[in-house]
Amino acid sequence: MSPFAGFASLAFILGVAGLYGVVAYSVGHRTREIGVRMALGADEGSVYRLVLGEAARLVGVGAIPGTAGSLAAANTIRGLFYAVRPWDMSTVTIVGSLLVVAALLASFVPAHHAASTNPTEALRSE
């Protein structure tokens, strides 16, 4: 494995772990709100949509400038690439899609935790 692939893998893992941490932290602070929503009749599907929708917004806000930054950086280090164009759209699309899918999968764990929250316990906590 090349050093670039190693650093890319490490950056990918850190990015997914960071997004998981942000979403889990957000869900933890919104436990009472989610408990009230569920006590008033919200089903598990709406809680999943709430949490995964928030994660999707975070991913969207990061993916657009991240793609632009990666293309700008690729232009800067053009001489280090071998047999790959700096603006190889298939690579950018595949990696971007992989990042979006991994981020949404990382957000599924906090969404599942929020959806399985007992409304009584959520309202009693704090």
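The values are calculated or read from the model by the stated rules, or taken from the named source; none is laboratory data. The shown structure was predicted, so the numbers you read here are calculated from the model rather than taken from an experiment. Glycine gets a Cβ as well: all are built from the backbone with ideal geometry, and neighbour counts include every protein chain shown.
The table that follows gives values for the structure above.
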read-out: Residue satisfying all of: in the range 1-37; hydroxyl-bearing (Ser, Thr, Tyr) and in a helix (DSSP H, G or I); farthest from GLU121 (Cα to Cα) among these; value: SER9
read-out: Condition broken by GLY60, with the remaining ones in (1) surrounded by 12 or more Cβ atoms within 10 Å (Cβ to Cβ); (2) closer than 27 Å to ALA115 by Cα satisfied; value: (1)
read-out: Which listed residue, of LEU52, LEU10, is modelled with pLDDT of 85 or more and surrounded by 15 or more Cβ atoms within 10 Å (Cβ to Cβ); value: LEU52
read-out: Filter result for the condition that a residue is more than 18 Å from ALA5 (Cα to Cα), part of a helix (DSSP H, G or I) and either more than 14 Å from the chain's Cα centre (by Cα) or not hydroxyl-bearing (Ser, Thr, Tyr) (or both), over LEU50, LEU99; value: LEU50
read-out: Test for ARG37: is it more than 14 Å from the chain's Cα centre (by Cα) and surrounded by 16 or more Cβ atoms within 10 Å (Cβ to Cβ); value: yes
